[in-house]
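Read the figures in this text as sums done on the coordinates, not as results from a lab. In this text, all values refer to a predicted model and were calculated from it rather than measured experimentally. We place every Cβ from the backbone using ideal geometry, glycine too, and count neighbours over all the protein chains shown.
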Amino acid sequence: MKVHNLFVSLAMSFFLTAALFAQHVKTDYGRTAAFDQYKTYSWQKVVTKNPLWVDRIKSAVDFTRCDRDHEESTDAQYVL
């Protein structure tokens, strides 16, 4: 029983500490906008602490945009 309590206490401490270091993400979008009518997008500068993340973030978002038949364009309807 002591081992179980110790494990639970350590796990809770770990998750609470991890929550303290969680990143704060800011988003802004038009709540009334009908995004299903937009089909083209472009990128603004992506800022991260680690430059390797920029390509990973763009790849992940590009993948989800392709699922919705959106394509990247220089003459875009919305900007990410």
Which residue, SER42, SER13, SER59, tops the fluctuation ranking in a GNM of the chain built on C-alpha contacts under 10 Å?
-> SER13
Of HIS70, ALA34, LEU52, which is farthest along the charge dipole of the stretch 25-80 in the positive direction, counting Lys and Arg as +1 and Asp and Glu as -1 at C-beta?
-> LEU52
proj_area_mean for the chain (convex hull on C-alpha atoms), units nm², value 8.7 nm²
Relative to the chain, whose Cα atoms define the longest principal axis, helix 2-20 and its Cα axis are tilted in degrees, nearest 10, by 30 degrees
Mean separation of Cα contacts under 8 Å (at least 6 apart) over the residue count of the chain, i.e. the relative contact order in percent, is 39 percent
What's the longest bit of the chain with no exposed chymotrypsin sites (Phe, Trp or Tyr not before Pro), using DSSP loop states and at most 12 other Cβ atoms within 10 Å as the test?
-> 30-80
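Among ASP75, ASP62, which comes first, second and so on when ranked by fewest other beta-carbon atoms within 10 Å? Show your work: numbers first, answer last.
Working: ASP75 6, ASP62 16.
Starting with the residue having the fewest Cβ neighbours, the order is ASP75, ASP62.
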